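The structure under discussion appears below in the form of C-alpha cells.
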Amino acid sequence: MNDGLLKRPRRLRSTPAMRRMVRETRLSADSLIWPLFVKEGQGIKTEIPSMPGQFHYSVDRLGEAVQTALDAGVGRVLLFGLPQDKDEQGTGAWVDDGIVQRAIRELRAHFPDVMIVTDVCLCEYTSHGHCGVLHGETVDNDETLPLLVRTAVSHARAGADVVAPSDMMDGRVAAIRQGLDQQGFSTTPIMSYAAKYASAFYGPFREAADSAPACGDRRGYQMDMHNHKEALQEALLDTQEGADILMVKPALAYLDIIKEVAAHTLLPVAAYSVSGEYAMIKAAAAAKLIDEYQVMCESAVSIFRAEADILITYHALELAQAMQKGDIG
Ligand code: PBG
C-alpha cells in the first residue's frame, strides 16, 4: 500500500497557510447583507430584547448603524419598518412618507454607495399582523397584490436598490415586476423570498417587528417544512415571473433546500439566517454553553458551502471582521 497516498488530505491540512490555500468555499463581505429595524420617533437606538446586539433605530440615528457597517466592511443593508399606526390594509407600507420610505431617503442622501434592500410585506403595517388583506380568517391573495406593488414602487421611488418581497402571495413577483417597469424602475432587481417556510425561527423577529399575527398563523401562504420539491416549484415560478435573485429562508435548518435550489437555478441564491438562528447562538453563548465566535463562523460557512451566493444575517458585521482576519473566507 502506498502510504503517501493515504496521507494526502492530511498533508494539505498541515499549516494555516496550506489550509487557506485549499479552501473549497470562498467568502467575501460583498456577499453579506445586514438587516436593520427602523422605527418612528427621534433619537432612538434601543436594543431589541429578543435579539441582543441588534437595535431599533429612528430615522435620524439610522446613519450611525450604517456607518458602523461600513467601518466593518459591510455595504449592504435590508430595511424593515415599524410604523406608528397600523390599519386593516397596511397603509403605512406604501405611503410616500412611510417609515421605510423616509429611512431610504435619509440613507440615500448621506450614503450614496450603500446598497439598500427593502423588505416588501404588509405584516408590520396591518393591525391583524397578516402579510395581506384579511377576509375573515383568510388572506386574500389577489387583493393583496396591488398593495405589494404600491409598496415596492414607493421603495424604488425613494431610492431603494433592490426590493425583496417576503409575503409569499402567489403572482407577486410578476405583479411587482410589471409595476416597477411601468413606473420607470425596470433596472431595480427583485430578490424574492422564493422558498419561505412557515417557521418558528421567526419568533424573535416578530417581537422585534411587532408583526405576530393576531389570529391564526402563516401556514396558508408560507411553506410546509416537510416539503422540498415544493421549494423548487416556488423557485421556478418566481424565476418565470421575473425574479432576479432567489432566497431561501430560514437557513440553517434548510441547508438542503439552499443546495437544491442552487443546483436547479441559474440565478444567484440568497439565504436568510433568521432571528431565531441568531437568538439561539446569542442565548447559548450568554449561558457560556458555546463559543459564539466559532459557532457563528461555522454556521455561516455551512450556508455558503451549501452554495448560497448571498447571506442575510444579523451577524454580518462580526462575520466581515472574521473574514478580514482570515478565520473564514
Ligand atoms: C415579513 C418577514 C418576516 C421575516 C422577514 N420578513 C417574518 C415572518 O414572515 O413572520 C423574518 C426574519 C427573521 O426572523 O429574522 N413577512
Legend entry - Over segment 187-273, relative contact order from alpha-carbon pairs under 8 Å, at least 6 apart, %: 38
Inset, instruction - Only Cα pairs under 8 Å and at least 6 apart count here; give the relative contact order of the chain as a rounded whole percent. - result: 18
Inset, instruction - Two decimals is fine: what is log10 I(q)/I(0) at q = 0.12, 0.13 Å⁻¹ for segment 26-325, from a Debye sum with one equal scatterer on every Cα and no solvent? - result: -0.73, -0.87
Inset, instruction - Give a residue-ordered list of calculated ³J(HN,Hα) values for segment 115-132 (Karplus: 6.51 cos²θ - 1.76 cosθ + 1.60, θ = phi - 60°; whole Hz; x for Gly, Pro). - result: 7, 9, 9, 10, 7, 9, 6, 9, 4, 6, 10, 8, 5, 8, x, 8, 7, x
Legend entry - Residue-span extension gain [Thr46 to Asp30] - 0.36 nm each, minus C-alpha spacing: 3.0 nm
Inset, instruction - Convert 20 °C to kelvin, take the viscosity as 1.002 mPa s, use the Kirkwood radius over C-alpha pairs of segment 184-233 as Rh, and evaluate the Stokes-Einstein diffusion coefficient in µm²/s, rounded to a whole number. - result: 164
Legend entry - Under 5 Å, built H, 5+ apart or other chain: amide partners of Gly329: Leu27
Inset, instruction - Hey, could you grab the Kirkwood Rh for segment 1-153? Inverse mean 1/r over distinct alpha carbon pairs, Å, one decimal. - result: 18.5
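Ranked highest first by the average count of other Cβ atoms within 10 Å around their residues, in what order do 317-323, 188-194 fall? Display every interim value, and only then the final one.
On the way: 317-323: 21.6, 188-194: 25.1.
Highest mean packing first, the order is 188-194, 317-323.
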Inset, instruction - May I ask which of Lys229/Lys249; Lys259/Lys325; Lys39/Lys86; Lys196/Lys259; Lys249/Lys325 have a Cα-Cα span longer than 21 Å here? - result: Lys259/Lys325; Lys249/Lys325
Inset, instruction - Find how much the distance from Arg20 to Ile290 grows on full extension, using 0.36 nm per residue of separation minus their present alpha carbon separation; answer in nm with one decimal. - result: 94.7 nm
Inset, instruction - Taking only Cα atoms and a 10 Å spring cutoff, compute GNM fluctuations for the chain and point out the largest among Ala208, Ala72, Ala308. - result: Ala72
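Rule-based calculations on the coordinates, nothing more; no lab input. Just so you know, these numbers come straight off a predicted model, no measurement behind them. Cβ atoms come from the backbone with ideal geometry, glycine included; neighbour counts cover every protein chain shown.
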